[in-house]
Amino acid sequence: MEILERHRITLFTILLCCGGLITCSSNKTKTRNSNSEVIMNFQQTTEAAKLAKQLEQKGISDQLVLKAIATVPRHEFVDEEIRGAAYLDRPLPIERGQTISQPFTVAYQSELLRIKPGEKVLEIGTGSGYQAAILFEMGADVYSIERFEELYLSAKKTLNSLGYYPHLFYGDGYEGLPDEAPFDKILVTAAPEEIPEKLMYQLRIGGWMVVPVGGRMGQKMTIIKRTGEDSFDESLHGDFIFVPMQKGIEK
Ligand code: SAH
């Protein structure tokens, strides 16, 4: 009985501590909106820099990618309740049952793109807008499409509030953006079962697309390089799990 009671007290103490942590993190957010922005920026910059260091240890070497990870405030792209987890190397839920990819995956895909500043890059699946912010920080001319209007609108709000102005579109990524093509690079952040053909033809010759291809059980990270008017090279770069790429648009 006494042991049980002691457990109960311990549990209560843990809950109190967690409560304290949660309160602290929501206070942090409030702080940022008030006049102590400098303190918040410092904390967030330190956490983002630590995350970049971790990703470097996990094999990411593109300095442009690592610098972008260290700069973009990931906590701004997720709900307030889960901001405490924003700088862990984990995927996190966003609205409409979608996810903001794990930072390693974001960095890995960005590295495979080998972005040079000024390149025209199309992203399929804006989601939270985090990946678009990373590409923008890397100096790309970013175009991004999202099929959920709600996500398109909230990503736009978040990105613009942070001073990021990629070209955002509400539409079906399977169609790409024929009026804006050709693109130097295309990045797909949801998983199609097969490589979307229309997107292949929106690449400039010499450009390439990074796309996780496969069903719900897992996908192969694939690079499709356009080598000529009608010729493409394909290479595989490891196993991943993404949310499926779906046809059409939704509110
Ligand atoms: N890049 C995002 C990851 C979001 S998850 C980020 O950094 O947060 C993948 C996103 O792709 C989801 O938001 C999903 O709604 C979107 N998506 C899926 N199929 C799509 C399609 N056909 N066209 C555009 N977006 C699509």
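For Leu203, the residues whose modelled amide H falls within less than 5 Å of its own, excluding neighbours fewer than 5 places apart on the same chain, are Phe183. Listed values for the range 99-114 are Karplus-derived 3J(HN,Hα) couplings in whole Hz (6.51 cos²θ - 1.76 cosθ + 1.60, θ = phi - 60°), namely 9, 8, 4, 4, x, 4, 5, 4, 5, 5, 5, 5, 5, 4, 6, 6, and x replaces Gly and Pro. Between Arg216 and Glu149, the modelled label-to-label distance comes to 2.7 nm, taking each label 7 Å out from Cα in the direction of the beta carbon. When the Cα atoms of the range 122-218 are aligned to their principal axes, the ranges along those axes come out at 35, 31, 22 Å in descending order. All other residues with a Cβ under 13 Å from the Cβ of Tyr152 taken together, and with Lys, Arg as +1 and Asp, Glu as -1, what is their net charge? Overall, the nearby charge balance is -2. Packing here is the average count of other Cβ atoms within 10 Å per residue, and on that basis the peptides 210-219, 96-105, 131-140, 41-50, highest first, run 131-140, 96-105, 210-219, 41-50.
Rg then Dmax, both in Å and based on the Cα atoms of the range 63-240: 15.1, 49. Annotation: the antiparallel percentage among DSSP beta bridges lying fully within the range 161-230 is about 60.
Amide H contacts of Thr99: Ile94, each under 5 Å away and 5 or more positions distant or on a separate chain (H built 1.01 Å from N in the peptide plane; Pro and chain starts excluded).
Residue by residue, the range 219-233 carries 3J(HN,Hα) couplings of 9, 9, 5, 10, 10, 10, 9, 7, 9, x, 3, 10, 10, 9, 10 Hz when phi is fed to the Karplus relation 6.51 cos²θ - 1.76 cosθ + 1.60 (θ = phi - 60°); x denotes Gly or Pro.
The relative contact order of the range 63-240, computed from alpha carbon pairs under 8 Å that lie at least 6 residues apart in sequence, is 16 percent.
Within 10 Å, count the other beta carbons around each residue, average over each peptide in 161-167, 57-63, and list them highest first.
Packing proxy ranking, top to bottom: 161-167, 57-63.
In terms of other Cβ atoms within 10 Å, Phe232, Phe240 run from fewest to most in the order Phe232, Phe240.
For Ala191, the residues whose modelled amide H falls within less than 5 Å of its own, excluding neighbours fewer than 5 places apart on the same chain, are Val243, Met245. Using a simple spin-label model with pseudo-atoms 7 Å out from Cα toward Cβ, Asn160 and Gln57 lie 4.0 nm apart.
Each value in this text was obtained by applying a stated rule to the coordinates, not by laboratory testing. Please read these numbers as outputs of a predicted model, since none were measured by experiment. Neighbour counts run over all protein chains shown; Cβ positions are idealised from the backbone, glycine included.
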